[in-house]
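So the structure is just underneath, and the comments pick up after that.
The values are calculated or read from the model by the stated rules, or taken from the named source; none is laboratory data. No experiment lies behind these values; they were computed from the predicted model shown. Here Cβ is always computed from backbone atoms with ideal geometry, including for glycine, and neighbour counts include all displayed protein chains. Only protein heavy atoms, including side chains, enter the accessible area calculation; ligands, DNA and RNA are left aside. Shrake-Rupley method; radii C 1.70, N 1.55, O 1.52, S 1.80 Å.
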Amino acid sequence: MGYWRFQRVVLRFALSVFVMAGPALTQVASDWGVSGDWLIRVDPGAGDGCFMQRQYESGTMVRIGYVPKDGGAFLSAHNPAWTQIVAGERGSVIFDFGDSRFQGEAVGVNENGVPGGYAFFNNPEFASEFGRRHSVAIQGKNGAEEIIDLSGSMAALGKLKACQAEQG
(Lines give C-alpha, C1' and ligand atoms only; values in the text may rest on other atoms or scores of the structure.)
Protein backbone atom coordinates (compact mmCIF):
# COMPACT_ATOMS: atom_id res chain seq x y z
CA MET A 1 0.00 0.00 0.00
CA GLY A 2 1.38 3.42 -0.89
CA TYR A 3 2.17 6.00 1.76
CA TRP A 4 -0.70 8.34 0.87
CA ARG A 5 -3.26 5.53 0.72
CA PHE A 6 -2.08 4.37 4.15
CA GLN A 7 -2.40 7.91 5.51
CA ARG A 8 -5.89 8.25 4.00
CA VAL A 9 -7.02 4.95 5.53
CA VAL A 10 -5.54 5.87 8.90
CA LEU A 11 -7.10 9.32 8.78
CA ARG A 12 -10.49 7.97 7.74
CA PHE A 13 -10.41 5.41 10.56
CA ALA A 14 -9.13 7.94 13.11
CA LEU A 15 -11.94 10.33 12.22
CA SER A 16 -14.55 7.61 12.46
CA VAL A 17 -13.44 6.21 15.82
CA PHE A 18 -14.57 7.60 19.10
CA VAL A 19 -14.17 6.11 22.53
CA MET A 20 -16.96 4.89 24.72
CA ALA A 21 -16.89 5.27 28.50
CA GLY A 22 -16.83 1.49 28.88
CA PRO A 23 -17.58 -1.77 27.17
CA ALA A 24 -20.91 -2.39 25.53
CA LEU A 25 -21.51 -5.31 27.89
CA THR A 26 -23.32 -3.46 30.68
CA GLN A 27 -26.11 -6.03 31.03
CA VAL A 28 -26.02 -9.81 30.84
CA ALA A 29 -25.48 -11.01 27.27
CA SER A 30 -27.21 -14.12 25.99
CA ASP A 31 -25.88 -16.79 23.64
CA TRP A 32 -27.27 -16.76 20.10
CA GLY A 33 -25.12 -19.25 18.21
CA VAL A 34 -21.65 -20.51 17.30
CA SER A 35 -19.52 -20.23 14.17
CA GLY A 36 -16.31 -22.27 14.38
CA ASP A 37 -14.29 -20.89 17.31
CA TRP A 38 -16.49 -17.79 17.55
CA LEU A 39 -19.41 -17.53 19.97
CA ILE A 40 -22.22 -15.21 18.81
CA ARG A 41 -24.05 -13.36 21.61
CA VAL A 42 -26.66 -10.60 22.05
CA ASP A 43 -26.06 -7.66 24.40
CA PRO A 44 -29.21 -5.85 25.60
CA GLY A 45 -27.02 -3.05 27.02
CA ALA A 46 -25.88 -2.12 23.50
CA GLY A 47 -29.42 -1.85 22.16
CA ASP A 48 -29.64 -5.60 21.47
CA GLY A 49 -26.38 -5.52 19.57
CA CYS A 50 -24.91 -8.82 18.49
CA PHE A 51 -21.23 -9.52 18.94
CA MET A 52 -18.87 -12.41 18.35
CA GLN A 53 -16.16 -13.43 20.74
CA ARG A 54 -13.24 -15.81 20.73
CA GLN A 55 -10.95 -16.96 23.51
CA TYR A 56 -7.32 -17.67 22.59
CA GLU A 57 -4.73 -19.89 24.27
CA SER A 58 -2.72 -16.77 25.18
CA GLY A 59 -5.56 -15.75 27.51
CA THR A 60 -6.74 -13.02 25.15
CA MET A 61 -10.45 -12.72 24.47
CA VAL A 62 -11.48 -10.69 21.41
CA ARG A 63 -14.96 -9.33 20.73
CA ILE A 64 -16.30 -7.49 17.71
CA GLY A 65 -19.90 -6.51 17.22
CA TYR A 66 -22.68 -4.03 16.70
CA VAL A 67 -23.72 -1.15 18.98
CA PRO A 68 -27.09 -0.22 17.40
CA LYS A 69 -27.93 2.39 20.03
CA ASP A 70 -24.82 4.35 18.94
CA GLY A 71 -24.93 3.57 15.21
CA GLY A 72 -21.67 1.68 14.91
CA ALA A 73 -19.59 -1.24 16.08
CA PHE A 74 -16.84 -2.06 18.55
CA LEU A 75 -13.77 -4.19 18.99
CA SER A 76 -12.46 -5.11 22.41
CA ALA A 77 -9.62 -7.30 23.58
CA HIS A 78 -8.92 -8.45 27.15
CA ASN A 79 -6.12 -10.46 28.74
CA PRO A 80 -5.32 -11.01 32.45
CA ALA A 81 -1.61 -10.42 31.68
CA TRP A 82 -2.22 -6.87 30.43
CA THR A 83 -1.81 -5.36 33.89
CA GLN A 84 -0.31 -2.13 32.45
CA ILE A 85 -3.74 -1.12 31.07
CA VAL A 86 -5.53 1.38 33.30
CA ALA A 87 -9.32 1.53 33.22
CA GLY A 88 -10.49 4.84 31.73
CA GLU A 89 -7.10 5.70 30.24
CA ARG A 90 -7.17 6.55 26.54
CA GLY A 91 -4.52 5.56 24.08
CA SER A 92 -3.76 4.81 20.49
CA VAL A 93 -4.15 1.35 19.01
CA ILE A 94 -3.04 0.04 15.63
CA PHE A 95 -4.62 -2.90 13.84
CA ASP A 96 -2.09 -4.16 11.29
CA PHE A 97 -3.47 -6.57 8.68
CA GLY A 98 -0.19 -6.64 6.72
CA ASP A 99 -0.81 -4.37 3.75
CA SER A 100 -3.65 -2.53 5.46
CA ARG A 101 -3.46 -0.70 8.78
CA PHE A 102 -6.02 1.12 10.89
CA GLN A 103 -5.28 3.41 13.80
CA GLY A 104 -7.68 4.80 16.34
CA GLU A 105 -8.31 5.49 19.97
CA ALA A 106 -9.16 2.93 22.60
CA VAL A 107 -10.07 3.25 26.24
CA GLY A 108 -8.82 0.95 28.96
CA VAL A 109 -11.52 -1.16 30.58
CA ASN A 110 -11.64 -3.74 33.30
CA GLU A 111 -14.24 -6.45 32.82
CA ASN A 112 -14.68 -8.80 35.75
CA GLY A 113 -11.12 -8.10 36.87
CA VAL A 114 -9.61 -8.64 33.41
CA PRO A 115 -7.93 -5.57 31.84
CA GLY A 116 -8.35 -4.71 28.19
CA GLY A 117 -9.20 -2.07 25.63
CA TYR A 118 -12.40 -1.02 23.87
CA ALA A 119 -12.73 0.97 20.65
CA PHE A 120 -15.92 2.08 18.90
CA PHE A 121 -15.84 2.42 15.11
CA ASN A 122 -18.14 3.13 12.19
CA ASN A 123 -15.79 2.36 9.32
CA PRO A 124 -17.06 -0.67 7.35
CA GLU A 125 -13.60 -1.14 5.78
CA PHE A 126 -12.30 -2.27 9.17
CA ALA A 127 -14.89 -5.04 9.52
CA SER A 128 -14.23 -6.10 5.93
CA GLU A 129 -10.49 -6.47 6.59
CA PHE A 130 -11.22 -8.32 9.84
CA GLY A 131 -13.31 -10.87 7.96
CA ARG A 132 -11.08 -11.49 4.97
CA ARG A 133 -7.70 -11.73 6.71
CA HIS A 134 -6.03 -14.67 8.44
CA SER A 135 -4.57 -12.60 11.27
CA VAL A 136 -4.19 -9.11 12.68
CA ALA A 137 -1.43 -7.65 14.82
CA ILE A 138 -2.85 -5.42 17.54
CA GLN A 139 -0.37 -2.85 18.84
CA GLY A 140 -1.03 -0.82 21.96
CA LYS A 141 0.35 2.54 22.95
CA ASN A 142 3.27 1.05 24.89
CA GLY A 143 4.44 -0.85 21.79
CA ALA A 144 3.18 -4.24 22.96
CA GLU A 145 1.86 -6.35 20.12
CA GLU A 146 -0.28 -9.47 19.92
CA ILE A 147 -1.07 -11.34 16.74
CA ILE A 148 -4.64 -12.60 16.66
CA ASP A 149 -5.71 -15.55 14.48
CA LEU A 150 -8.78 -14.58 12.46
CA SER A 151 -9.49 -17.96 10.90
CA GLY A 152 -13.22 -18.48 10.54
CA SER A 153 -13.96 -14.79 11.06
CA MET A 154 -15.64 -14.30 7.66
CA ALA A 155 -18.19 -17.04 8.38
CA ALA A 156 -18.66 -15.70 11.90
CA LEU A 157 -19.28 -12.19 10.58
CA GLY A 158 -22.00 -13.65 8.33
CA LYS A 159 -23.68 -15.22 11.36
CA LEU A 160 -23.18 -12.00 13.29
CA LYS A 161 -25.03 -10.10 10.58
CA ALA A 162 -27.87 -12.67 10.68
CA CYS A 163 -28.05 -12.33 14.45
CA GLN A 164 -28.31 -8.55 14.18
CA ALA A 165 -31.00 -8.76 11.48
CA GLU A 166 -33.01 -10.99 13.79
CA GLN A 167 -32.84 -8.38 16.57
CA GLY A 168 -34.64 -5.87 14.37
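A search for C-beta distances below 7 Å between a residue of region 151-164 that is free of Cβ contacts under 8 Å to residues at least 24 places away in the same chain and any residue that is loosely packed, with under 14 Cβ neighbours inside 10 Å and assigned to a helix (DSSP H, G or I), counting only pairs 6+ apart in sequence or on different chains, returns MET154/ARG132. Scanning region 22-44 for residues that are at pLDDT 85 or above and not small (Gly, Ala, Ser) gives VAL28, ASP31, TRP32, VAL34, ASP37, TRP38, LEU39, ILE40, ARG41, VAL42, ASP43, PRO44. Take the conditions (1) in a loop (DSSP other than H, G, I, E, B); (2) of a type outside the set (Asp, Glu); (3) under 19 Å from GLY131 (Cβ atoms); (4) open to solvent by less than 30 Å² (accessible area, probe 1.4 Å); GLY59 misses just one of them, which is (3).
Name every residue in region 91-131 that is open to solvent by 30 Å² or more (accessible area, probe 1.4 Å) and in contact with a helix residue (DSSP H, G or I) (Cβ under 6 Å, 6 or more places away or on another chain), in order of residue number. Within region 91-131, GLN103, ASN122 qualify.
Look at (1) at pLDDT below 95; (2) within 13 Å of the chain's Cα centre (by Cα) and you find that GLY113 fails only one, number (2).
Residues that are free of Cβ contacts under 8 Å to residues at least 60 places away in the same chain and open to solvent by 50 Å² or more (accessible area, probe 1.4 Å) within region 68-81 comprise LYS69, ASP70, GLY71, PRO80, ALA81, listed in sequence order. Restricting ILE85, ILE138 to those that are under 15 Å from the mean Cα position of the chain (by Cα), open to solvent by 20 Å² or more (accessible area, probe 1.4 Å), more than 18 Å from MET154 (Cβ to Cβ) and among the aliphatic types (A, V, I, L, M) reduces the list to ILE138.
For (1) hydroxyl-bearing (Ser, Thr, Tyr); (2) within 19 Å of TYR56 (Cβ to Cβ), each residue gets a yes or a no:
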residue	(1), (2)
PHE120	no, no
PHE126	no, no
ARG133	no, yes
GLY143	no, no
ASP149	no, yes
SER153	yes, yes
ALA162	no, no
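Please indicate, with yes or no, whether at least one residue in region 158-168 is open to solvent by 10 Å² or more (accessible area, probe 1.4 Å), hydrophobic (A, V, I, L, M, F, W, C) and modelled with pLDDT of 95 or more. Yes, the conditions are met somewhere in region 158-168.
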